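The values are calculated or read from the model by the stated rules, or taken from the named source; none is laboratory data. Computed from a predicted model, the values in this text were never measured in an experiment. Every residue, glycine among them, receives a Cβ derived from its backbone with ideal geometry; neighbour counts consider all protein chains shown.
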Amino acid sequence: MKIVLGRAVVLLILFAVCGFAGAESVSDEKMHDAEEVVLSRFYSPETHLFYDYLTSYDEGKGLAHLPKPDEVSRQYPNDCGYGTGMEDCMISAGVMMTAVLNRYKCERYAEGPARAEAIFLGIERSIQSVPGEGFVARGFSPFAPDQFYIGSSRDQVTHAVMALWEYARSGLPSEPVRERIRRSIKDVADRMRRNVTPENDYDFLRADGSRCPRGICKMKNVMPHEAARLAMIYAAAWEITGEKEYYELWRANIREAAEGSRRPVPETATYGLLQMQDSLALLAELEPEPEIRETLCAAAAEASRLALSRIPRLENEKAAYDLTELAPDWREAGGLVPPYRNVWYHTRERGEILLILLKDPNGNFPPEGEAFLRDSLESVDFRRNSSCGVYSLLAAWWTYRARRIAE
């Protein structure tokens with residue numbers, strides 16, 4: 001008996017050492033420092049939001065490019081604020097919520113609860129941009145904190161809802177905050193219920209009530225990677241609020257969501273695959289019917305396969321990019337455009353691929369993923385990287401660590 005116990009202890013020690021071999025040269029300390037850099041450079045305490053890129057590494061100047069009041073009031077340069085550095089604040093909030101909550105699972109660090117609540121405040125602010133309407137504003141500029149661009153998208157809503165769901169389940173929010181989370185998710189779900197109708201061509205509409213001209217607010221008759229979004233919102237609303245009407249909306253849409261997700265198009269953008277995976281993971285976790293859950297998991301496996309197939313391309317491209325490059329001012333460059341956009345998205349796509357693999361409800365994180373995680377984190381100097389891709393790398397690391405601890 002003593003011999004068996006001794007071998008078990010040895011095996012546990014070996015697992016602890018070798019289990020992290022895929023990321024052996026990365027340390028928690030490096031990622032602690034990375035989070036502090038993100039908070040000091042990419043985050044605004046005035047808005048509780050994280051922004052898309054930096055135009056300077058000098059203290060206090062990195063976000064100087066963000067839109068001014070007259071630009072937002074004129075909806076300049078466009079109704080979504082594309083390229084301005086604040087078009088993806090809700091995407092970033094969702095990714096950073098994943099990072100903070102998973103780090104807290106691993107370490108119970110003292111700052112974790114306050115940081116998670118601050119991220120929620122930014123999301124709540126966006127959802128209350130039009131009080132009670134459930135419109136999810138992309139974000140606010142610290143120079144124009146009461147104004148926003150009237151165009152949103154499925155992408156922004158998906159990440160905002162995922163963040164609300166993860167935060168509500170974390171055990172961190174106080175009861176008063178939990179009530180505000182319920183209010184936020186209800187507002188979003190109610191907007192979908194009111195507006196996603198045949199008369200609106202299933203569009204949840206812009207903030208002014210007009211139909212989105214780009215088709216990015218449409219929630220039915222969409223591509224496979226978008227097919228699960230509506231059911232995901234209703235399922236999250238049901239679990240967070242416990243209200244029967246959201247349960248019925250979820251069940252009314254789930255089969256269409258599962259079947260529609262089966263075959264994502266190979267050319268789907270990686271950020272779209274991540275949003276697909278978030279939706280499928282949430283739905284698979286809550287799904288009571290084995291047949292539907294199996295279909296959801298099969299779609300998630302296909303999303304992971306497509307993500308995994310992109311790793312060789314990114315590894316080949318790496319040598320061509322200077323990942324320390326700063327973004328130009330969008331007013332001079334004409335937006336977030338190449339050649340800088342290629343550098344910016346290279347970092348972000350790495351993290352997105354890792355999160356797709358790590359969030360797969362099938363529970364498979366392949367050896368290639370571990371090697372890619374290590375290489376991605378070694379490739380980035382968080383103190384000299386201007387891309388919001390650092391958020392997804394942070395989230396990937398702490399999701400990986402939380403997964404290892406759970407195992």
Item to complete: Kindly list, by first and then second residue, each pair from a residue in the range 361-381 that is without any contact (Cβ under 8 Å) to a residue 40 or more places away in the chain and more than 20 Å from Ala301 (Cβ to Cβ) to a residue that is part of a helix (DSSP H, G or I) and among the charged types (D, E, K, R), limited to pairs with Cβ atoms under 7 Å and residues at least 6 apart or on different chains.
Response: Ser376/Arg350
Worksheet entry | Residue count, the range 357-381 (criterion: of a type in the set (Phe, Trp, Tyr) and either loosely packed, with under 14 Cβ neighbours inside 10 Å or in a helix (DSSP H, G or I) (or both)) | 1
Discussion item. Of the residues Met97, Met86, only one is closer than 21 Å to Gly334 by Cβ, in contact (Cβ under 8 Å) with a residue 12 or more places away in the chain and aliphatic (A, V, I, L, M); which?
Written reply: Met86
Worksheet item: So which residues in the range 49-74 are surrounded by fewer than 17 Cβ atoms within 10 Å (Cβ to Cβ) and out of contact with any strand residue (DSSP E or B) (no Cβ under 9 Å at 6 or more places or on another chain)?
Response: Ser56, Tyr57, Asp58, Glu59, Gly60, Lys61, Ala64, Arg74
Worksheet item: Which of the residues spanning the range 155-193 are basic (Lys, Arg), touching a residue at least 12 places away in the same chain (Cβ under 8 Å) and under 13 Å from Arg125 (Cα atoms)?
Response: Arg180
Worksheet, complete the sentence: So, first residue of a type outside the set (A, V, I, L, M) in the range 51-63, second residue surrounded by 21 or more Cβ atoms within 10 Å (Cβ to Cβ) and outside any loop (DSSP other than H, G, I, E, B), Cβ within less than 7 Å, six or more apart or across chains; the pairs are Tyr51/Cys89; Tyr53/Trp344; Tyr53/Ser387; Gly62/Arg41
Item to complete: Can you tell me which residue among Leu282, Leu354, Leu336, Leu296 is aliphatic (A, V, I, L, M), at pLDDT 95 or above and either over 24 Å from Ala402 (Cβ atoms) or not in a helix (DSSP H, G or I) (or both)?
Response: Leu336
Worksheet entry | Lone unmet requirement of (1) surrounded by 14 or more Cβ atoms within 10 Å (Cβ to Cβ); (2) in a helix (DSSP H, G or I); (3) of a type in the set (Gly, Ala, Ser) for Ala252 | (1)
Worksheet item: Out of the residues in the range 25-38 that are closer than 17 Å to Leu54 by Cβ and in contact (Cβ under 8 Å) with a residue 60 or more places away in the chain, which is surrounded by the fewest Cβ atoms within 10 Å (Cβ to Cβ)?
Response: Asp33
Practice prompt. Give just the number: which of (1) over 19 Å from the mean Cα position of the chain (by Cα); (2) polar (S, T, N, Q); (3) surrounded by fewer than 24 Cβ atoms within 10 Å (Cβ to Cβ) does Ser153 not satisfy?
Written response: (1)
Discussion item. Please go through the range 171-189 and give me each residue that is over 22 Å from the mean Cα position of the chain (by Cα) and in a helix (DSSP H, G or I), ordered by number.
Written reply: Glu175, Pro176, Glu179
Response to the item:
Note on Pro145: of the conditions (1) touching a residue at least 60 places away in the same chain (Cβ under 8 Å); (2) closer than 30 Å to Thr268 by Cα, unmet is (2)
Worksheet item: On the given criteria, is Arg313 in a helix (DSSP H, G or I) and closer than 27 Å to Tyr43 by Cβ?
Response: no
